[in-house]
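Structure first, then comments.
Computed from the coordinates by the stated procedures, all read-outs in this text should not be read as laboratory data. Please read these numbers as outputs of a predicted model, since none were measured by experiment. Positions of Cβ are backbone-derived with ideal geometry, glycine not excepted, and every protein chain shown enters the neighbour counts.
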Amino acid sequence: MSYDAVLLLSFGGPEGPEDVRPFLENVTRGRGVPPERLDDVAEHYLHFGGVSPLNQLNRDIIDRVRIELDRQGLDLPVYFGNRNWEPMVEDTVARMAADGVRRALVFATSAYGGYSACRQYDEDIERARNAVGERAPELVKLRQFFDHPLFVAANADAVRAALEEIPEERRASARVIYTAHSVPTAADAVAGPASEGGHRYSRQGG
């Protein structure tokens with residue numbers, strides 16, 4: 001199978017104080033989140049100047065992907081689209097169609113399974129293609145990469161580097177604590193372990 005483009009698909013994030021509230025409204029649309037809760041969350045972003053690092057990190061990834069594609073002699077343009085902030089994936093897919101892209105690989109930047117981290121990106125792809133209509137390119141989403149050896153190795157390297165910052169006499173007794181976004185119980189019931197009533201998904205989906 002041949003492809004004529006790559007699409008990096010991500011969550012999105014505000015890039016200035018004026019973006020914060022509209023971004024949060026996009027994230028929570030249709031969920032009935034009260035305005036005062038959005039105000040509380042907005043303060044977290046404003047504490048850092050209203051700028052999420054995510055978009056710039058994604059642009060850095062795209063630069064590196066382009067370098068690697070060039071190194072391998074692959075003439076594939078790399079596009080960038082987000083679920084919740086500019087560049088919105090609907091606009092990006094419309095530009096891809098205008099550029100003549102017919103079939104593209106999609107790399108979603110979330111490594112894990114579950115609804116928000118995996119299946120919602122499938123919905124993003126479907127929504128964007130529907131918005132563009134018959135001209136929309138076929139979009140083939142790559143599998144989640146939570147268990148890819150390079151991803152595991154990168155996390156292991158980060159843990160080792162963090163441990164090395166602890167004085168040697170305390171290192172052996174140091175505890176490693178991982179943290180992540182919370183998962184709503186309703187989402188866990190649908191996408192959690194089969195032993196706990198959830199549905200088990202393949203490596204290709206979340």
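Computed quantities for the displayed model
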{"quantity": "Fewest-first sequence of Phe23, Phe146 by Cβ atoms within 10 Å of each Cβ", "calculated": "Phe146, Phe23"}
{"quantity": "Furthest towards positive pole of dipole, Val152, Ile177, Gly81, structure part the chain, Cβ charges", "calculated": "Val152"}
{"quantity": "The range 25-41 - phi-based ³J(HN,Hα) in whole Hz, Karplus 6.51/-1.76/1.60, Gly and Pro as x", "calculated": "5, 5, 4, 9, 4, x, 10, x, 6, x, x, 5, 5, 4, 4, 5, 5"}
{"quantity": "Estimated 222 nm signal from helices in the chain, with DSSP H stretches of n ≥ 4 weighted -39500 (n - 2.57), rounded to 500", "calculated": "-13500 deg cm²/dmol"}
{"quantity": "Residues with amide H under 5 Å from that of Lys141, placed H, sequence gap 5 or more", "calculated": "Val106"}
{"quantity": "Sorted by Cβ neighbour density within 10 Å, fewest at the top, the residues Asp4, Asp157", "calculated": "Asp157, Asp4"}
{"quantity": "Ranked Tyr121, Tyr178, Tyr112, criterion: other C-beta atoms within 10 Å, fewest first", "calculated": "Tyr178, Tyr112, Tyr121"}
{"quantity": "Residue among Ala156, Ala136, Ala117 with the largest mean-square fluctuation in a Gaussian network model of the chain, springs linking Cα atoms under 10 Å", "calculated": "Ala156"}
{"quantity": "Answer label for Kirkwood radius over Cα pairs in Å (calculated), chosen among (i) 18.2; (ii) 20.0; (iii) 19.4", "calculated": "(iii)"}
{"quantity": "Antiparallel DSSP beta bridges within the chain, percent to nearest 5", "calculated": "5"}
{"quantity": "Dipole magnitude (debye, nearest 20) for the chain, charges at Cβ of Lys, Arg, Asp, Glu", "calculated": "660"}
{"quantity": "Extreme residue, positive dipole direction of the chain, given options Val27, Ile166, Leu105 (C-beta unit charges)", "calculated": "Leu105"}
{"quantity": "In order through the range 137-144: 3J(HN,Hα) via Karplus (6.51 cos²θ - 1.76 cosθ + 1.60), integer Hz, x for Gly, Pro", "calculated": "x, 6, 10, 10, 7, 5, 5, 5"}
